[in-house]
Amino acid sequence: MIKSDMVKQTVYVVDDDADVRDSLQWLLESVGLDVASFENAQAFLDSFEPGASGCILMDVRMPGLSGISAQKKLPDYQIDIPLIMISGHGSVDMAVTAMTQGARTFIEKPFNDQLLLDHVQQSLAQDLAQRDGQQKLQTVQQHYALLTKRERQVFEQVAQGLANQEIADVLGINRKTVEGHRANLMSKMAAQSLPELIQMAISLDLITGYAGQ
(Lines give C-alpha, C1' and ligand atoms only; values in the text may rest on other atoms or scores of the structure.)
Protein backbone atom coordinates (compact mmCIF):
# COMPACT_ATOMS: atom_id res chain seq x y z
CA MET A 1 0.00 0.00 0.00
CA ILE A 2 1.33 3.43 -0.97
CA LYS A 3 1.36 5.80 1.94
CA SER A 4 3.40 8.92 2.58
CA ASP A 5 3.82 10.99 5.71
CA MET A 6 4.15 14.07 3.51
CA VAL A 7 1.65 13.50 0.71
CA LYS A 8 -1.97 12.42 0.90
CA GLN A 9 -2.94 10.37 -2.13
CA THR A 10 -6.44 9.85 -3.47
CA VAL A 11 -7.80 7.46 -6.09
CA TYR A 12 -10.32 9.36 -8.19
CA VAL A 13 -13.00 7.03 -9.57
CA VAL A 14 -14.98 8.45 -12.51
CA ASP A 15 -17.79 6.24 -13.86
CA ASP A 16 -21.44 6.87 -14.69
CA ASP A 17 -22.42 3.41 -13.41
CA ALA A 18 -23.25 3.65 -9.70
CA ASP A 19 -22.69 -0.08 -9.15
CA VAL A 20 -19.20 0.14 -10.65
CA ARG A 21 -18.36 3.20 -8.55
CA ASP A 22 -19.54 1.50 -5.37
CA SER A 23 -17.67 -1.70 -6.19
CA LEU A 24 -14.43 0.12 -6.92
CA GLN A 25 -14.71 2.30 -3.84
CA TRP A 26 -15.26 -0.73 -1.61
CA LEU A 27 -12.33 -2.59 -3.16
CA LEU A 28 -9.91 0.31 -2.91
CA GLU A 29 -10.93 1.29 0.61
CA SER A 30 -10.57 -2.33 1.69
CA VAL A 31 -6.80 -1.97 1.25
CA GLY A 32 -6.67 1.40 3.01
CA LEU A 33 -6.75 3.76 0.03
CA ASP A 34 -8.58 7.09 0.05
CA VAL A 35 -11.22 7.30 -2.68
CA ALA A 36 -13.25 10.11 -4.24
CA SER A 37 -15.89 9.01 -6.75
CA PHE A 38 -17.72 10.98 -9.45
CA GLU A 39 -20.63 10.07 -11.73
CA ASN A 40 -19.34 12.14 -14.64
CA ALA A 41 -16.07 13.55 -15.90
CA GLN A 42 -17.01 17.21 -15.62
CA ALA A 43 -17.80 16.84 -11.93
CA PHE A 44 -14.34 15.35 -11.41
CA LEU A 45 -12.61 18.10 -13.39
CA ASP A 46 -14.45 20.82 -11.47
CA SER A 47 -13.70 19.25 -8.07
CA PHE A 48 -10.01 18.47 -8.55
CA GLU A 49 -7.61 20.64 -6.55
CA PRO A 50 -4.46 21.44 -8.57
CA GLY A 51 -1.43 19.86 -6.95
CA ALA A 52 -3.36 16.96 -5.41
CA SER A 53 -1.61 13.60 -5.48
CA GLY A 54 -3.03 10.23 -6.53
CA CYS A 55 -4.31 8.59 -9.69
CA ILE A 56 -7.49 8.43 -11.79
CA LEU A 57 -9.70 5.45 -12.67
CA MET A 58 -11.94 6.70 -15.47
CA ASP A 59 -14.49 4.97 -17.68
CA VAL A 60 -13.62 5.51 -21.33
CA ARG A 61 -17.27 5.62 -22.44
CA MET A 62 -19.69 7.88 -20.54
CA PRO A 63 -22.66 10.10 -21.40
CA GLY A 64 -21.76 13.74 -21.94
CA LEU A 65 -18.01 14.17 -21.59
CA SER A 66 -16.37 10.85 -22.50
CA GLY A 67 -13.21 9.58 -20.88
CA ILE A 68 -11.26 10.38 -24.05
CA SER A 69 -12.54 13.96 -24.14
CA ALA A 70 -11.95 14.43 -20.42
CA GLN A 71 -8.39 13.16 -20.81
CA LYS A 72 -7.68 15.92 -23.32
CA LYS A 73 -8.94 18.49 -20.82
CA LEU A 74 -6.72 17.36 -17.93
CA PRO A 75 -3.92 19.89 -18.65
CA ASP A 76 -6.48 22.72 -18.75
CA TYR A 77 -7.41 21.86 -15.16
CA GLN A 78 -3.76 21.42 -14.06
CA ILE A 79 -4.29 17.70 -13.53
CA ASP A 80 -1.04 15.77 -13.93
CA ILE A 81 -1.48 12.42 -12.19
CA PRO A 82 -1.48 8.90 -13.70
CA LEU A 83 -4.65 7.86 -15.53
CA ILE A 84 -6.04 4.33 -15.79
CA MET A 85 -8.87 3.92 -18.28
CA ILE A 86 -11.73 1.52 -17.59
CA SER A 87 -12.85 -0.25 -20.74
CA GLY A 88 -16.11 -2.09 -21.24
CA HIS A 89 -16.89 -4.55 -24.01
CA GLY A 90 -16.56 -2.88 -27.39
CA SER A 91 -14.54 0.08 -26.15
CA VAL A 92 -11.05 -1.44 -26.18
CA ASP A 93 -10.12 0.59 -29.27
CA MET A 94 -11.03 3.76 -27.39
CA ALA A 95 -8.95 2.65 -24.42
CA VAL A 96 -5.96 2.06 -26.69
CA THR A 97 -6.45 5.56 -28.08
CA ALA A 98 -6.40 6.85 -24.50
CA MET A 99 -3.03 5.15 -23.96
CA THR A 100 -1.57 6.80 -27.05
CA GLN A 101 -2.69 10.10 -25.49
CA GLY A 102 -0.84 9.38 -22.26
CA ALA A 103 -3.01 7.05 -20.16
CA ARG A 104 -0.91 4.63 -18.14
CA THR A 105 -2.97 1.58 -19.05
CA PHE A 106 -6.55 0.33 -19.39
CA ILE A 107 -8.47 -2.34 -17.51
CA GLU A 108 -11.37 -4.26 -18.99
CA LYS A 109 -14.66 -4.95 -17.26
CA PRO A 110 -15.34 -7.19 -15.44
CA PHE A 111 -12.32 -6.43 -13.28
CA ASN A 112 -9.73 -8.78 -11.93
CA ASP A 113 -9.54 -7.24 -8.45
CA GLN A 114 -5.87 -7.98 -7.83
CA LEU A 115 -4.83 -6.76 -11.28
CA LEU A 116 -6.71 -3.52 -10.74
CA LEU A 117 -5.15 -3.02 -7.30
CA ASP A 118 -1.69 -3.71 -8.72
CA HIS A 119 -2.16 -1.08 -11.43
CA VAL A 120 -3.47 1.45 -8.91
CA GLN A 121 -0.54 0.88 -6.54
CA GLN A 122 1.93 1.23 -9.42
CA SER A 123 0.22 4.44 -10.52
CA LEU A 124 0.38 5.89 -7.02
CA ALA A 125 4.07 5.01 -6.79
CA GLN A 126 4.65 6.64 -10.19
CA ASP A 127 2.92 9.79 -9.01
CA LEU A 128 5.09 10.01 -5.88
CA ALA A 129 8.26 9.48 -7.93
CA GLN A 130 7.21 12.15 -10.42
CA ARG A 131 6.33 14.54 -7.60
CA ASP A 132 9.70 13.93 -5.94
CA GLY A 133 11.48 14.67 -9.22
CA GLN A 134 9.53 17.89 -9.68
CA GLN A 135 10.37 19.03 -6.15
CA LYS A 136 14.07 18.34 -6.70
CA LEU A 137 14.04 20.28 -9.97
CA GLN A 138 12.26 23.19 -8.30
CA THR A 139 14.94 23.28 -5.60
CA VAL A 140 17.71 23.30 -8.22
CA GLN A 141 15.95 26.13 -10.08
CA GLN A 142 15.66 28.14 -6.87
CA HIS A 143 19.36 27.69 -6.15
CA TYR A 144 20.27 28.65 -9.71
CA ALA A 145 18.28 31.87 -9.38
CA LEU A 146 20.66 32.91 -6.56
CA LEU A 147 23.74 32.84 -8.81
CA THR A 148 25.25 36.04 -10.14
CA LYS A 149 25.63 36.53 -13.88
CA ARG A 150 29.35 35.67 -13.69
CA GLU A 151 28.70 32.60 -11.54
CA ARG A 152 26.23 31.36 -14.16
CA GLN A 153 28.82 31.86 -16.87
CA VAL A 154 31.36 29.85 -14.89
CA PHE A 155 28.71 27.20 -14.15
CA GLU A 156 28.01 26.75 -17.86
CA GLN A 157 31.69 26.42 -18.70
CA VAL A 158 32.30 23.94 -15.86
CA ALA A 159 29.32 21.92 -17.10
CA GLN A 160 30.92 21.75 -20.55
CA GLY A 161 34.00 20.15 -19.00
CA LEU A 162 36.40 23.10 -19.08
CA ALA A 163 39.18 23.38 -16.53
CA ASN A 164 39.59 26.53 -14.45
CA GLN A 165 42.35 27.98 -16.66
CA GLU A 166 40.30 27.29 -19.80
CA ILE A 167 37.31 29.04 -18.25
CA ALA A 168 39.53 31.99 -17.33
CA ASP A 169 40.69 32.24 -20.96
CA VAL A 170 37.13 32.05 -22.31
CA LEU A 171 35.78 34.68 -19.94
CA GLY A 172 38.84 36.92 -19.97
CA ILE A 173 39.43 36.80 -16.21
CA ASN A 174 42.19 35.29 -14.09
CA ARG A 175 42.22 31.78 -12.75
CA LYS A 176 41.94 32.80 -9.10
CA THR A 177 38.74 34.67 -9.88
CA VAL A 178 37.33 31.59 -11.63
CA GLU A 179 38.19 29.47 -8.59
CA GLY A 180 36.34 31.90 -6.34
CA HIS A 181 33.24 31.93 -8.53
CA ARG A 182 33.37 28.15 -8.79
CA ALA A 183 33.51 27.72 -5.03
CA ASN A 184 30.63 30.16 -4.58
CA LEU A 185 28.39 28.51 -7.16
CA MET A 186 29.07 25.04 -5.77
CA SER A 187 27.98 26.33 -2.36
CA LYS A 188 24.88 28.12 -3.65
CA MET A 189 23.82 25.10 -5.73
CA ALA A 190 24.43 22.81 -2.71
CA ALA A 191 26.46 20.54 -4.98
CA GLN A 192 28.73 18.11 -3.15
CA SER A 193 30.70 17.04 -6.23
CA LEU A 194 31.35 17.87 -9.87
CA PRO A 195 29.15 14.99 -11.17
CA GLU A 196 26.28 16.27 -9.01
CA LEU A 197 26.75 19.77 -10.44
CA ILE A 198 26.73 18.33 -13.96
CA GLN A 199 23.42 16.56 -13.29
CA MET A 200 21.98 19.86 -12.10
CA ALA A 201 23.15 21.57 -15.28
CA ILE A 202 21.48 18.87 -17.37
CA SER A 203 18.21 19.20 -15.42
CA LEU A 204 18.33 22.96 -16.03
CA ASP A 205 18.81 22.33 -19.79
CA LEU A 206 22.10 24.19 -19.71
CA ILE A 207 23.69 21.28 -21.56
CA THR A 208 22.42 18.10 -23.24
CA GLY A 209 25.30 16.02 -22.00
CA TYR A 210 28.68 16.26 -20.36
CA ALA A 211 31.49 16.94 -22.84
CA GLY A 212 34.05 15.78 -20.31
CA GLN A 213 32.73 12.23 -20.25
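The values are calculated or read from the model by the stated rules, or taken from the named source; none is laboratory data. Please read these numbers as outputs of a predicted model, since none were measured by experiment. Glycine also receives a Cβ, built like all others from the backbone with ideal geometry; neighbour counts cover every protein chain displayed.
(1) surrounded by fewer than 21 Cβ atoms within 10 Å (Cβ to Cβ); (2) not basic (Lys, Arg); (3) not in a helix (DSSP H, G or I): which one isn't true of ASP93, the others all being true?
With respect to (1) surrounded by fewer than 21 Cβ atoms within 10 Å (Cβ to Cβ); (2) not basic (Lys, Arg); (3) not in a helix (DSSP H, G or I), ASP93 is out only on (3).
Residues are listed down the side, and each one gets a yes or a no for (1) farther than 19 Å from LEU28 by Cβ; (2) outside the structural domain of ASP15 (by TED's automatic domain parsing); (3) in a loop (DSSP other than H, G, I, E, B); (4) within 16 Å of the chain's Cα centre (by Cα):
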position: LEU45; (1), (2), (3), (4): yes, no, no, no
position: GLY51; (1), (2), (3), (4): yes, no, yes, yes
position: CYS55; (1), (2), (3), (4): no, no, no, yes
position: LEU65; (1), (2), (3), (4): yes, no, yes, no
position: ILE68; (1), (2), (3), (4): yes, no, no, no
position: LEU74; (1), (2), (3), (4): yes, no, no, yes
position: HIS89; (1), (2), (3), (4): yes, no, yes, no
position: THR97; (1), (2), (3), (4): yes, no, no, no
position: GLY102; (1), (2), (3), (4): yes, no, yes, yes
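Considering only region 150-170, I want to know if a residue exists there that is in a helix (DSSP H, G or I), over 29 Å from ASP132 (Cβ atoms), out of contact with any Phe, Trp or Tyr (no Cβ under 8 Å at 6 or more places or on another chain) and small (Gly, Ala, Ser).
yes
Test each condition in (1) touching a Gly at 6+ places or on another chain (Cβ under 8 Å); (2) touching a residue at least 60 places away in the same chain (Cβ under 8 Å); (3) surrounded by 15 or more Cβ atoms within 10 Å (Cβ to Cβ) for LYS109 and report the one that comes out false.
Of (1) touching a Gly at 6+ places or on another chain (Cβ under 8 Å); (2) touching a residue at least 60 places away in the same chain (Cβ under 8 Å); (3) surrounded by 15 or more Cβ atoms within 10 Å (Cβ to Cβ), only one is false for LYS109: (3).
Condition check: aliphatic (A, V, I, L, M), at pLDDT 95 or above and either within 15 Å of ILE56 (Cα to Cα) or surrounded by 13 or more Cβ atoms within 10 Å (Cβ to Cβ) (or both). Does LEU117 satisfy that?
Taking the combined requirement at face value, the residue satisfies it.
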